[in-house]
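Presented below is the structure to which this report refers.
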Amino acid sequence: MRVVDRRTQVSRRGFLKGGSAATAGLVVLSVSSGMITGPTGAWAISVVNLQTATMQTLIQMARDIYPHDRLADRFYAAAVAGYDEQAGSDPAVKEMIESGVADLDGLAEARHARRYAEVGWEAERVALLREIEEGALFRTLRSGLVVGLYNNPEVWPKFGYEGASAEQGGYLERGFDDIDWV
Amino acid sequence: MSAPYDLNDDSVVVVIGSGAGGGTLGTELALKGIDTVVLEAGGRHEIEDFSNDEWGMFGQISWLDMRTTSGNWRVARDFPNLPAWIVKAVGGSTVHWAGASLRFQEHEFKDLSVYGEVAGANLLDWPIALSDLEPYYDKAEDRMGVTRTHDIPGLPGNNNFKVMKAGADKLGYRRCSTGRMAINSRPRHDRAACQQIGFCFQGCKSAAKWSTLYAEIPKGEATGKLEVRAQAQVLRIEHDDTGKVTGVVYADAEGNQQRQKARIVCVAGNSIESPRLLLNSASSLFPDGLANSSGQVGKNYMRHMTGSVYAIFDRPVNMYRGTTMAGIIEDEAGYDPSRGFVGGYEMETLSLGLPFMAAFLDPGAWGREFTSAMEGYDRMAGMWLVGEDMPQESNAVALHPTERDQYGLPVPNVHFDDHPNDIAMRDHAYRQGAAIYDAVGAVRTFPTPPYPSTHNLGTNRMSERSRDGVVNRWGQAHDVANLFVSDGSQFTTGGAENPTLTIVALALRQADYIAEQMQSGVL
Ligand SMILES: Cc1cc2nc3c(=O)[nH]c(=O)nc-3n(C[C@H](O)[C@H](O)[C@H](O)COP(=O)(O)OP(=O)(O)OC[C@H]3O[C@@H](n4cnc5c(N)ncnc54)[C@H](O)[C@@H]3O)c2cc1C
Ligand code: SF4
């Protein structure tokens, strides 16, 4: 039966909306003022309205909420990058995010003597997230990610999903009934 | 050629809503030569406007006006402002529907007589029997091109179906097929055959699937007797001193209010908006809402017992390829109280694309338990469980005490508590669904909770006696002779079957009655 090729198809450097990178467990990003760059330098996002470290934390939270080892960091960065713009146009959003991240970092400092984004094990970070999952930051981030992460056509091949098919004549001649093991 | 009618023309029949009920009724009246105006709240989006994009289409044509929820159903927690998935566009929910087209079983018109009193349930027999509807079922199936009727072959089975069928065979189920679908398995009635595109819920790009948008309304318009006025949201129905309805007030595309006069008004806004409209049309003559002397308007809201089972296998399935719902097991649909509940249920193939799967597999879930399931997407098979739920008087569409919509009208609140019978049936269906997949080697199964309601029923129910319900055996209001209800809100009880074929059959029957009453001068 016809299966979907999951390999990453493109590789180019650029500001997000493009690019590619290897996968990582703990998000290893280079964070300079106003800019977050992927570990191999393959992508970058600029951060204007939030603190740069805050955006780094959001990206780590995104991966910890929906961890897919097959997905590169840039997909998580792309899914949360829009909060910087929202923070610029809505002070309440900015306050919700900055204070939510500060609370999370406070919990991390108390347990592990370091910021959330620097806590080493996913299980330890997830335990911290469990403590804030009823809060505004977590709820906003999680529900936004459902669309922001999974509605990105670039991630679909990684899950074996092919997306739109009408343009290709549907699946009538492309394997709608090609299962070969039942 | 569409006929434009004057706002002051009081000889027209006004139909509110252009979905399964309204679109069919309006077209059928026009075919009989009756001047008909269909007022539709949504816009007109033709096939060219459809895209194979789940969130895109959802955003483009869903009914997203403010609604609230209450009750112990899980939808109230997961989707507090989206109790139902209903389309706001010409064609109504038949743009998004999957096409499963089943007749009610004989006993499902006689629940109270057959099941007896069920504690907490407001059961009632329909004032009509299967035999009353049979000729109209036949006509509806022909019109909609339902497979396995009228010598139309069944659809071919896709990957998702083949997994279901293998499991059904292992469990000894005998009534498993690609079902009766209002989807062309070969070209028919000027519409193409199914291309197995797999986006039935997003609007069928090949027009293989029946929808009032392109399979009915254009035929009505071609008679010159039908005007479909899009972006016309009816706000209230008006009446004279004698209690006869005289017309409706609607908001046009610019938000301006217009008054369309009418000889007869037929309400087909689906089971949340139809009762809301009657309640919002309260007057000094009808203080509890139009046609509500029984107090049953908005009550007995039903949504079918639903749930889904998804299963992950060790090998690829690619369930998303091909027709979304062409697969059914009917063995559990009958009446067999030894299972611990009354009523029955169907198991039907179902697949969601990756974006919707993320939102609906287990709403609110996160972490590796969830993401490992998503990573099995291409190895997943899925089925939807749909069965008869119990009408309860307290399950109701009511006007919200404080929230107002863009026109200043109270928004609807949808209250729903699962009945113990619904829960027992769902548990049974989850077990059987998982067993089907386990029999073919599933490595993990998921009892997925109900989605926002796609089958909304019962809120203006049909009854023999005027004190038990809102409309009579023709869908005519007990209280107001020239007011009809023409959608699924007429259902006295819900049956186990997907409701649309029955809605269409009732609309065709109602059209005959209205024409006859007009001809004889009664209306
Ligand atoms: C994703 C999905 C899949 C489905 N699959 C199936 C299936 O396989 N089989 C099946 O039998 N059923 C299925 N259904 C259900 C089916 O679509 C409905 O049962 C059917 O369309 C209901 O018909 P209706 O006439 O009551 O309402 P609708 O078809 O929803 O039409 C109501 C129309 O009225 C309009 N309206 C509402 N209020 C007003 C107002 N005040 N003024 C003007 N216009 C108004 C709405 O905008 C809408 O266009 C599915 C539904 C969905 C969403
Ligand atoms: S699978 Fe068939 S019915 Fe469904 S959208 Fe595609 S062509 Fe239409």
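Some points to look at:
- With at most 10 neighbouring Cβ atoms within 10 Å, loop GluC sites (Glu not before Pro) (DSSP) excluded, longest segment of chain B: B:255-523
- Chain B packed on chain A takes about 3600 Å² of accessible surface away from a 1.4 Å probe, both sides summed.
- In percent, rounded to a whole number, the relative contact order of chain B is 24, using alpha-carbon pairs under 8 Å and six or more apart.
- Relative contact order %, chain A, counting alpha carbon pairs below 8 Å whose residues are six or more apart: 24 percent
- Charged side chains reduced to their Cβ positions (Lys and Arg at +1, Asp and Glu at -1) give the stretch A:123-182 a dipole of some 400 debye around its Cα centre.
- The stretch A:35-182 - Rg and Dmax from Cα coordinates, angstrom: 18.4, 59
- Ordering A:Leu172, A:Leu145, A:Ile132 by Cα displacement along the dipole of the stretch A:121-180 toward the positive end leaves A:Ile132 in first place; charges were set at the Cβ atoms of Lys, Arg (+1) and Asp, Glu (-1).
- Semi-axes of the equivalent ellipsoid for the protein assembly as shown, computed as √(5λ) from the eigenvalues of its C-alpha gyration tensor and ordered from largest down, come to 45, 29, 25 Å.
- Calculated SAXS-style log₁₀ I(q)/I(0) at q = 0.23 Å⁻¹ - the stretch B:172-247, Debye, Cα scatterers: -1.09
- Accessible area (Å², per residue) of the protein assembly as shown, counting only protein heavy atoms and a probe of 1.4 Å: 35 Å²
- The label-point distance for B:Arg74 and B:Val249, in a model that sets each label 7 Å from Cα toward Cβ, rounds to 4.3 nm.
- Buried on complex formation within the stretch B:298-333 (loss of at least 30 square angstrom of accessible surface versus the isolated chain, 1.4 Å probe, ligands and nucleic acids ignored): B:Arg315, B:Pro316, B:Tyr320, B:Arg321.
- Percent of Cα pairs exceeding the 17 Å cut-off, where the set is the stretch B:129-197: 53 percent
- Computed label-point distance, nm, for sites A:Glu109 and B:Arg315 using a 7 Å Cα→Cβ extension: 5.7 nm
- Only helices enter the 222 nm calculation for the protein assembly as shown: every DSSP H run of n ≥ 4 contributes -39,500 (n - 2.57), and dividing by all residues gives -9000 deg cm²/dmol, rounded to 500.
- Inverting the pair-averaged 1/r between distinct Cα atoms of the stretch B:39-123 gives 16.2 Å as its Kirkwood hydrodynamic radius.
- Interatomic Cα distance distribution for the stretch B:419-467, bins of 5 angstrom, percent: 4, 14, 15, 18, 14, 12, 8, 6, 4, 2, 2
- For B:Arg426, solvent-accessible area (1.4 Å; no DNA, RNA or ligand), Å²: 20 Å²
- Number of partner chain Cβ atoms within 10 Å, mean per residue of B:157-164: 4
- Three principal axis extents describe the C-alpha atoms of chain B; from largest down they are 68, 50, 44 Å.
- Note on chain A: with a GNM built from Cα contacts shorter than 10 Å, the maximum mean-square fluctuation among A:Gly170, A:Gly148, A:Gly106 falls on A:Gly170.
- Under 5 Å, built H, 5+ apart or other chain: amide partners of B:Thr246: B:Glu238, B:His239, B:Asp240
- Here the label points at A:Met1 and B:Asp10, each 7 Å from Cα along the C-beta direction, are separated by 6.4 nm in the simple model.
- 17 Å cut-off, amide nitrogen to a point 7 angstrom out along B:Asp151 Cα→Cβ, residues in the stretch B:188-224: B:188-190
- Whole-Å semi-axes of the stretch B:47-179's equivalent ellipsoid (Cα gyration tensor): 29, 26, 20
- Across all Cα atoms of the stretch B:328-383, the radius of gyration (one decimal) and Dmax (whole number) stand at 15.5, 41 Å.
- Largest first, the residues B:Lys209, B:Lys32 sort by 1.4 Å accessible area into B:Lys32, B:Lys209.
- Share of carbon and sulfur in the accessible heavy-atom surface of the protein assembly as shown [1.4 Å probe, %]: 49 percent
- Ranking B:Tyr513, A:Tyr66 by solvent-accessible area of protein heavy atoms (1.4 Å probe, all protein chains present), from largest to smallest, gives B:Tyr513, A:Tyr66.
- Put a plus charge on the Cβ of each Lys and Arg, a minus charge on the Cβ of each Asp and Glu, and nothing anywhere else: the dipole of the protein assembly as shown about its Cα centre is then about 1320 debye.
- Amide H within-cut-off set for B:Gly43, under 5 Å, with H built and near neighbours excluded: B:Val90, B:Gln231
- Within the listed set A:Thr37, A:Thr140, A:Thr57, the residue fluctuating most in the Gaussian network model of chain A (springs between alpha-carbon atoms under 10 angstrom) is A:Thr140.
- Whole-Hz ³J(HN,Hα) from phi, Karplus 6.51 cos²θ - 1.76 cosθ + 1.60, for the stretch B:22-33, glycine and proline x: x, x, 6, 4, x, 5, 5, 4, 4, 4, 8, x
- Cross-link partners of B:Lys88 among lysines, defined as those whose alpha carbon lies under 29 angstrom from its own and excluding same-chain residues fewer than eight positions apart: B:Lys32, B:Lys139, B:Lys205, B:Lys209, B:Lys219, B:Lys225, B:Lys244, B:Lys261, B:Lys299.
- The angle separating the long axis of helix B:270-280 from the principal Cα axis of greatest extent in chain B is about 30 degrees.
- Highest-fluctuation residue, A:Gly144, A:Gly41, A:Gly163 considered, GNM on chain A with Cα pairs under 10 Å: A:Gly163
- For chain A, the membrane-span-like helix rule (DSSP H, alpha carbon extent of at least 27 Å along the helix axis, mean Kyte-Doolittle at least -0.5) picks out A:91-112; this says nothing about an actual membrane.
- In the stretch A:151-182, the residues whose accessible area drops by at least 40 square angstrom when the other protein chains are added to the isolated chain are A:Asn151, A:Phe159, A:Tyr161, A:Ala166, A:Tyr171, A:Leu172, A:Phe176, A:Asp177, A:Ile179, A:Trp181, A:Val182; the probe is 1.4 Å and only protein heavy atoms count.
- Chain B - charge dipole about Cα centre, Lys and Arg +1 at Cβ, Asp and Glu -1, debye rounded to 20: 900 debye
- Charge-dipole axis of the stretch B:449-514 as Lys and Arg at +1 and Asp and Glu at -1 on Cβ define it, positive-most pick from B:Asn456, B:His478, B:Val504: B:His478
- Since only B:Val397, B:Tyr345, B:Trp366 are under comparison, the one whose Cα sits farthest along the positive direction of the charge dipole of the stretch B:340-409, derived from C-beta charges on Lys, Arg, Asp and Glu, is B:Trp366.
- Shown for the stretch B:250-404 is the translational diffusion coefficient from the Stokes-Einstein equation, using the Kirkwood radius over Cα pairs, a temperature of 25 °C and a viscosity of 0.890 mPa s: 124 µm²/s.
The values are calculated or read from the model by the stated rules, or taken from the named source; none is laboratory data. Small disclaimer: the values here were computed from a predicted structure and weren't measured. Reconstructed Cβ throughout: ideal geometry from the backbone, glycine too, with neighbour counts over all protein chains shown. Accessible surface is based on the protein model in full, side chains and every heavy atom, while ligands, DNA and RNA are left aside. Shrake-Rupley method; radii C 1.70, N 1.55, O 1.52, S 1.80 Å.
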